[in-house]
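Scroll down for the structure; my scribbles are underneath it.
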């Protein structure tokens, strides 16, 4: 059941992605089509097999109460809930670390050609003959 929902979501996201590319009149090359297809498949399966059952468990437990096993989405198990907990925790930690690094250290260019250096010494800043 969860795999079927994931496949339906993947196909819907693929159709939406292609329609959006055609709406903005951008050419859909083979590489772009493959990228949209792979990303649609990954996102659809992630929503269908991980996010939906986890949200179902949280909502059903909140409304009905009882043990975790009695509130599972049809076709999923406790391993699905545990997997979503682990994945969500990892994503939260990585995003927090990235935000902290971006705030504290600033955005640094990957290569020197992508932007100016953070600190640039100009000749006007140096003490010279006319400054004293």
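Bear in mind these aren't lab numbers, they're just calculated from the coordinates by the rules spelled out. Nothing here was measured: the structure is a model prediction, and the numbers come from that model. As a convention, Cβ positions derive from the backbone with ideal geometry for all residues, glycine included, and neighbour counts pool all protein chains shown.
Rounded to whole Å, give me the distance from the Cα center of the stretch 55-109 to that of the stretch 1-39.
25
Please work out how much length the chain gains when fully extended from residue 79 to residue 16, using 0.36 nm per residue of separation minus the C-alpha to C-alpha distance, in nm with one decimal.
Additional length available on full extension: 19.6 nm.
On a full-extension model of 0.36 nm per residue, what is the gain between residue 26 and residue 86, subtracting their alpha-carbon distance, rounded to one decimal in nm?
Between residue 26 and residue 86, full extension yields an extra 17.8 nm.
Starting from 0.36 nm per residue, how many nanometres of slack lie between residue 1 and residue 42 once their C-alpha separation is accounted for?
13.1 nm
At a Förster radius of 35 Å, what calculated FRET efficiency corresponds to the Cβ-Cβ distance of residue 94 and residue 68, to the nearest 0.05?
0.85
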